[in-house]
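The structure appears below as structure tokens.
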Amino acid sequence: MLTKRTMLLGTAVLLAVLSFGAMASAADFPKAKQLRMVVPYGAGGGVDISTRILATPAQDILGQRIDVVCMPGAGGQEGINFVLQQPRDGYTLLVTDYGPLVTTALTEEVTYDLSDWVPLVQITEVVPTFFVLAESPLKNVEDWVKAAKEKPESLTVAHGRHLSVPHLPLILFEKTAGIKNTHVPTTGGSEALAYVLGKKVDIGASVPSTIASTVKAGTMRPLAVCSLERVATLPDTPTMKELGYDVVLPAWYTVFAPKGVPEETLKILEEKFIEALKSEGAKEMAGKSNVLLTPYGRDKTAGLYEGTISSLKTILADVKK
């Protein structure tokens with residue numbers, strides 16, 4: 001029969017073995033297998049583009065393949081839950097803006113708490129942007145407001161999923177301007193762009209990196225950006241603030257690890273991802289995609305994450321009024 005002392009000794013040995021295994025695993029990171037960066041949006045949108053800008057040089061620096069996997073199902077929750085269901089070893093990470101991760105958690109029942117995530121590295125800060133076809137009769141925001149007031153809900157706006165980064169500014173703008181549009185949810189920026197290009201909607205809401213190539217080609221025209229200052233990649237596009245509408249709501253694209261990943265692994269990922277984002281390869285890719293890289297490590301990124309949670313609680317309470 002096992003004595004209490006024997007059982008305690010056995011437990012201690014098991015814990016020591018598990019602890020040693022975890023340390024050995026962390027020490028070997030990332031040699032064991034390829035990494036996955038899960039994006040809770042469709043392919044071709046701003047988050048996907050920015051993730052690939054990071055992943056391409058990072059896999060050379062880490063010496064390990066990195067797969068970017070887009071999982072837009074269930075409003076992004078499919079991708080988020082997939083990451084949570086994987087081993088907490090640093091090989092499966094989440095890359096997202098605040099939309100599916102934070103806003104959804106503040107407005108719906110989800111399987112996680114916001115403290116279950118470790119903000120690791122910020123890739124870029126992005127600015128919601130409203131845009132139309134170059135041939136659109138809506139030449140500016142005032143044309144938009146005038147048309148919407150004359151015929152409420154006659155204009156259609158594709159914006160990404162409900163309460164996403166482009167959708168919240170649209171709601172705030174409508175409240176400020178006293179107008180109503182017909183909202184058309186999509187899986188993300190690339191689909192919103194496709195809807196505008198295909199003339200399925202009148203207006204699109206996304207971010208500069210999504211529309212950059214079409215703006216350069218002259219097929220798309222940005223109407224306004226939702227930031228305090230003009231965006232360097234769209235210098236001729238006015239801010240909503242300039243136009244008299246207090247709609248300022250930039251966002252981040254950030255790499256998250258689920259809580260429980262070994263500290264040594266987190267340190268490696270943070271260091272190597274920052275190195276990758278500062279590489280010439282990343283800068284060249286970002287320039288071609290009109291993405292302004294703003295690489296921040298864990299300390300600053302964590303502060304931005306907590307600040308966003310606080311701000312969104314206030315904004316969402318105001319939207320409901």
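Details
- Note on the chain: antiparallel DSSP beta bridges, both residues inside, total approximately 60 percent of the bridges counted.
- Antiparallel DSSP beta bridges within the range 129-225, as percent of all bridges there, nearest 5: 60
- Surface exposure of the chain, expressed per residue as accessible area with a 1.4 Å probe, stands at 46 Å².
- Of 149, 216, 272, the residue with the greatest mean-square motion in the GNM of the chain, using alpha carbon springs below 10 Å, is 216.
- Lysine pair count for the range 129-225 (Cα-Cα distance under 13 Å; residues 8 or more apart in sequence or on different chains): 4.
- The range 106-122 - phi-based ³J(HN,Hα) in whole Hz, Karplus 6.51/-1.76/1.60, Gly and Pro as x: 8, 10, 9, 7, 10, 8, 9, 9, 5, 7, 7, 10, 10, x, 9, 8, 7
- Gaussian network model of the chain, Cα within-10 Å springs - most flexible of 305, 245, 296: 245
- Computed over the Cα atoms of the range 36-166, pair by distinct pair, the Kirkwood hydrodynamic radius stands at 16.9 angstrom.
- Note on residue 156 and residue 317: their simple-model spin labels are 3.7 nm apart, each label 7 Å out from Cα toward Cβ.
- Radius 15 Å from Cβ of residue 226, net charge of other residues (Lys, Arg +1; Asp, Glu -1): -3
- Summing +1 for each Lys or Arg and -1 for each Asp or Glu among the other residues whose beta-carbon sits under 11 angstrom from that of residue 95 gives 0.
- Placing +1 on the Cβ of every Lys and Arg and -1 on the Cβ of every Asp and Glu, with nothing else charged, gives the range 122-247 a dipole about its Cα centre of roughly 220 debye.
- About the Cα centre, charge dipole magnitude for the chain (Lys/Arg +1, Asp/Glu -1 at Cβ), debye: 280
- Whether the range 129-225 is rounded, prolate or oblate, judged on the alpha carbon gyration tensor where a/c under 1.5 counts as rounded: oblate
- Highest-MSF residue in the chain out of 168, 114, 193 [GNM, Cα springs under 10 Å]: 114
- Taking every C-alpha pair closer than 8 Å and separated by at least 6 residues, the mean separation divided by the residue count of the range 129-225 gives a relative contact order of 44 percent.
- A dipole drawn for the chain from +1 and -1 charges on Cβ atoms has a positive end, and of 210, 144, 87 the residue lying farthest that way is 87.
- Here the label points at residue 300 and residue 109, each 7 Å from Cα along the C-beta direction, are separated by 4.0 nm in the simple model.
- Subtracting the Cα-Cα distance of residue 292 and residue 116 from 0.36 nm times their residue separation leaves 60.5 nm of extension gain.
- Cβ-based charge dipole, the range 228-321, positive-most Cα from 310, 255, 291: 310
- Per-residue SASA entry for residue 246, accessible area with 1.4 Å probe, Å² rounded to 10: 100
- Exposure of residue 37 as accessible area (Å², to 10), given a probe of 1.4 Å and all protein chains: 0
- Surface composition of the range 258-298: carbon and sulfur make up 52 percent of the accessible area, probe 1.4 Å.
- Of all accessible heavy-atom area on the range 129-225, the percent that carbon and sulfur account for (1.4 Å): 56
- At R0 = 51 Å, FRET efficiency that the Cβ-Cβ distance of residue 135 and residue 31 yields, to 0.05: 0.40
- Start at zero, step by 20 Å, and the Cα-Cα distances of the chain spread as 32, 52, 14, 3, 0 percent across the bins.
The values are calculated or read from the model by the stated rules, or taken from the named source; none is laboratory data. All values derive from a computational prediction rather than experimental measurement. Positions of Cβ are generated from backbone atoms using ideal geometry, with glycine treated the same way; all protein chains shown enter the neighbour counts. Accessible surface areas use protein heavy atoms only, side chains included; no ligands, DNA or RNA. Shrake-Rupley method; radii C 1.70, N 1.55, O 1.52, S 1.80 Å.
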